[in-house]
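Inspection log for the structure reproduced underneath, given as structure tokens.
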Amino acid sequence: MQIFLDNIVFTIQKAGGVSVYWYELLQGMCNAGMPVNFLNAGLNPSNIFEQQLNYQQHTCIRESWIPPKYLRYLPLQYTLPHSAIFHAGYLRVSPQKNVLNILTVHDFAHERKIATRFPRGLANTQQKAYGIKRADGIICISDSTRKELLHFYPETNPAKLRVVYHGLADTFYPFDKKAAGIPILPAAINCPYILYVGGRDNYKNFRTALDTIALLPPAYKLVVAGGGPWDKKEQQLIENKLHGRYIIVENVKPADLNILYNYAWCLLYPSCYEGFGFPPGEAMKAGCPVVTTNCTSMPEVVGNAGLLTTEITARAFAEQILQLEEPSFRDQIIQAGIAQSSLFTWEKSVRETIRFYKDCWNNKFAS
């Protein structure tokens, strides 16, 4: 089997969940000694994950001179050898009939009309529909995503779907805060604080997170990490609701995020829609309690180890957070979270992906 992996996702993002997934998959494939060829490698030097890849030991192919911002929406332009495996980091497939197309589907936010607006949203849904139709095997990153795929594309053969969960990086781990030489928080951040990580789009319910903190005793602060630049409207919103009770950390590296998880009272993750959702898994792995919603993939990731609410209101989240003030219950949640997070490893994810490649390849070419 010759495997061709399309790295164009690194030109779409500087960081982000899909980049994390693709980087870990590439590393795992290389470490497993698989016959890997890279398409569209190194076209965006600003992606923080691609910067960590060593392409020198692998064949790297420039697919086309079409600019990546257009190429990302097109089927593969490069002719692959017979019976090759093509797997793209972001929704693309090969139009060739004599190759094996593997597609990873992350979510259906565009189909739900809660993500990017027209025309980009339309382009995404059309590209995804084409890919789902052409793919020989489809990886869904959660069972929630698998069910949504069959909802939006009911003509899809369920037999070509496989749920392969993401892993959680070893960057995230709990440390003994009483030990000498452990990392400490920046001077500006004081405990106790509630941690909010990631995007602030509408379905992430960031406004509800602010309202939740406003309901809590004044001792609780909010630390907002990552999620991209703030616009003036967002800045005004958080200042009006939580004056003097918040800290913004715009650019946060994984090691620094692990520190924030370790010292946080809890992670508040009020998103009503996720294909997988890295922050709750990362938080649990770092020994941080998780308060989130009982929506889409969250129950799969958090299991019985988090505080989930079906009612997405500030009052419901505040009630869950205050439960953690009971020391034995808090410790129980932390230990359950560490155990739950151990179910998600990149080694397992890569191993199941390779097995899926082989199953699909044998089904198409070995019969």
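Read-outs: derived from the displayed coordinates by stated rules, not from any lab. These numbers come from a predicted model, not from an experiment. Quick reminder, even Gly has a Cβ in these numbers, built from the backbone with ideal geometry, and neighbours come from all protein chains shown.
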Between ASN240 and ASN202, how high is the FRET efficiency from 1/(1 + (r/R0)^6) when r is the Cβ-Cβ distance and R₀ = 22 Å? Nearest 0.05.
0.75
Placed amide H near ASP6: partners under 5 Å, 5+ positions off or other chain
LEU39, HIS87, ALA88, GLY89
Which of ALA286, LEU216, GLY306, positive extreme of dipole for region 193-341 (C-beta unit charges)
LEU216
Residues with beta-carbon under 14 Å from that of PRO75, excluding PRO75: net charge, scoring Lys, Arg +1 and Asp, Glu -1?
+4
Between 0 and 90°, nearest 10: helix 327-341 axis offset from the chain longest Cα axis:
10
Cα-Cα over 24 Å: which of LYS178/LYS285; LYS178/LYS241; LYS128/LYS364; LYS14/LYS69; LYS14/LYS128?
LYS178/LYS241
Under 11 Å from the 7 Å Cα→Cβ point of ALA366, by amide nitrogen: which residues of region 91-117?
none
Taking every pair of distinct Cα atoms and averaging 1/r, then inverting, what Kirkwood hydrodynamic radius in Å comes out for region 193-341?
15.1
In which sequence would LYS113, LYS348 go, from the one with the fewest C-beta neighbours within 10 Å to the one with the most?
LYS113, LYS348
With an 8 Å Cα cut-off and a minimum separation of 6 or more residues, compute the relative contact order for the chain in percent.
15
If I take every Cα pair under 8 Å that is 6 or more residues apart in region 193-341, average their sequence separation and divide by the length, what percent do I get for the relative contact order?
24
Across all directions of projection, what mean area in square nanometres is found for the Cα convex hull of region 301-367?
6.8
On a 0 to 90 degree scale, rounded to 10, what angle separates helix 143-152 from the longest Cα axis of the chain?
60
In the chain, if the dipole is taken from +1 on Lys/Arg beta carbons and -1 on Asp/Glu beta carbons about the Cα centre, which of LEU237, LEU161, HIS87 is farthest to the positive end?
HIS87
For region 307-338 and region 1-53, distance of Cα centres in Å
37
Cα centre as origin, Lys/Arg/Asp/Glu Cβ charges: region 193-341 dipole, Debye
300
With Cα atoms, 0 to 90° folded angle of helix 17-31 axis to the chain main axis:
60
Kirkwood Rh (inverse of mean 1/r, distinct Cα pairs), the chain, angstrom
21.7
To the nearest 20 debye, what charge dipole does the chain have about its Cα centre, counting +1 at the Cβ of each Lys and Arg and -1 at the Cβ of each Asp and Glu?
920
